[in-house]
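Participant: What follows is a single structure, and I will ask about it in a moment.
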Amino acid sequence: MNQDEIKHQYINRIKMNCLKIFMLLTLFSVTVQANRYYSQEKPDSVTSLVNVHDSYQLSGKNLVALAEKILYKNTPQEGMYLYLLRPSGKSKKALPAIVYFTGGGWVSGNVEDQIPNAAWFRDHGIIGIEADYRVKSRHGTSPVECIEDAKSAILYVRAHAKELGIDANHIIAAGGSAGGYLAACTMIDAGDASDEDLTISSKPDALVLHNPVLGEGFGKEFFDAHPEFSLLLHIQKGWPPTIISNGTKDKTTPFEVAEKFTRLMMEAGNICELISVKDADHSCDWPVSNPNFLPTLQRMTEFLKEQKLIK
């Protein structure tokens, strides 16, 4: 083999290696872009929810921007708002509504965090609402004010049900973690703001609770000081149908506390179902990217259908 042939083979070998490198880089680039598409929130490009059937996949920021913003309460700190998401299409009948309260330990949290859950139910034909409430980081408040606001939100929705197109007898309170606690707290008799019209009930017709604070575990100091707000001490016959999700390895809101709550509910003659999320820690089924989100929300939706609260 002469020098020219050796040189030619060498050049071809370099070209082949370069081609392989180019193909690998192209494949890597495509994979990265695909991962970004599937793992990150989609761009906030939706400008209307008309004909959007999977709005729960939108970012919280996008959903808040598209929601109807309704003042439900004035407080010394600022006005508190509901963010209402209506299903596609007009309905001549009043619709059930679900009111979500986000988590955050009564310290942080905002409406963008869990409004996709409200959007999920909006996608299933009812009115989804995310309610803002006062928290320590933004308003310098305690859990007592959080409870007041949660009760005020449900009361407002019931009092204004007709104008909002809501069935006043099909109002569901929901939330995650500390927000789940607030949803359930709307059932106890303590904690109403002094200026509320108590001729209107703030008690919901069902509870949907995601790894909720219940009176043991997280918040022990608060419940020791305020036993009137410990849910476990106030369960009685007449509580509405309730479904709870909780991770079996939750170190914040322990699974055994959710089991205790469920047992006490059933012993009192109430309907209560506990979804065990195997090996999950806190925030067992949210945000939307959590693999447990869909199976849990699907079961919660079926539960509400079984209880004739939604169709």
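Participant: Check whether at least one residue in segment 181-202 is free of Cβ contacts under 8 Å to residues at least 60 places away in the same chain and on the phi > 0 side of the Ramachandran plot, and report yes or no.
Facilitator: Yes, the conditions are met somewhere in segment 181-202.
Participant: In segment 278-291, which residues are under 14 Å from the mean Cα position of the chain (by Cα) and either among the hydrophobic types (A, V, I, L, M, F, W, C) or farther than 19 Å from Val213 by Cα (or both)?
Facilitator: So the first thing to find is which residues in segment 278-291 are under 14 Å from the mean Cα position of the chain (by Cα), and the list is 282-290.
Selection gives Cys284, Trp286, Val288, Ser289, Asn290.
Participant: Answer yes or no as to whether Gly175 is in contact (Cβ under 8 Å) with a residue 24 or more places away in the chain, assigned to a helix (DSSP H, G or I) and closer than 22 Å to Pro96 by Cα. Break it down stepwise before answering.
Facilitator: Working: in contact (Cβ under 8 Å) with a residue 24 or more places away in the chain: yes; assigned to a helix (DSSP H, G or I): no; closer than 22 Å to Pro96 by Cα: yes.
Spelling it out, it is not the case that Gly175 is in contact (Cβ under 8 Å) with a residue 24 or more places away in the chain, assigned to a helix (DSSP H, G or I) and closer than 22 Å to Pro96 by Cα.
Participant: Would you check if Thr199 is in contact with a helix residue (DSSP H, G or I) (Cβ under 7 Å, 6 or more places away or on another chain), of a type in the set (S, T, N, Q) and either over 12 Å from Thr242 (Cα atoms) or surrounded by fewer than 24 Cβ atoms within 10 Å (Cβ to Cβ) (or both)? Before the answer, list the steps.
Facilitator: Working: in contact with a helix residue (DSSP H, G or I) (Cβ under 7 Å, 6 or more places away or on another chain): no; of a type in the set (S, T, N, Q): yes; either over 12 Å from Thr242 (Cα atoms) or surrounded by fewer than 24 Cβ atoms within 10 Å (Cβ to Cβ) (or both): yes.
No; evaluated as a whole, the condition is false for this residue.
Participant: Just checking, does segment 185-195 include any residue being β-branched (Val, Ile, Thr), surrounded by 20 or more Cβ atoms within 10 Å (Cβ to Cβ), assigned by TED's automatic domain parsing to the domain that holds Ala118 and closer than 30 Å to Ser55 by Cα? It would help to see each step written out before you state the result.
Facilitator: Initial filter on segment 185-195 (β-branched (Val, Ile, Thr)): 186, 188.
The next check asks that each one be surrounded by 20 or more Cβ atoms within 10 Å (Cβ to Cβ); those that pass are 186, 188.
If we keep only those that are assigned by TED's automatic domain parsing to the domain that holds Ala118 as well, we get 186, 188.
Keeping just the survivors that are closer than 30 Å to Ser55 by Cα gives 186.
Yes.
Participant: Looking only at segment 261-270, decide whether some residue is more than 26 Å from Gly191 (Cα to Cα), surrounded by 14 or more Cβ atoms within 10 Å (Cβ to Cβ) and either in contact (Cβ under 8 Å) with a residue 12 or more places away in the chain or not assigned by TED's automatic domain parsing to the domain that holds Pro96 (or both).
Facilitator: The answer is no; no qualifying residue exists.
The values are calculated or read from the model by the stated rules, or taken from the named source; none is laboratory data. These figures come from a predicted structure and were not determined experimentally. Cβ coordinates were reconstructed from backbone atoms using ideal geometry, including for glycine residues, and neighbour counts include every protein chain displayed.
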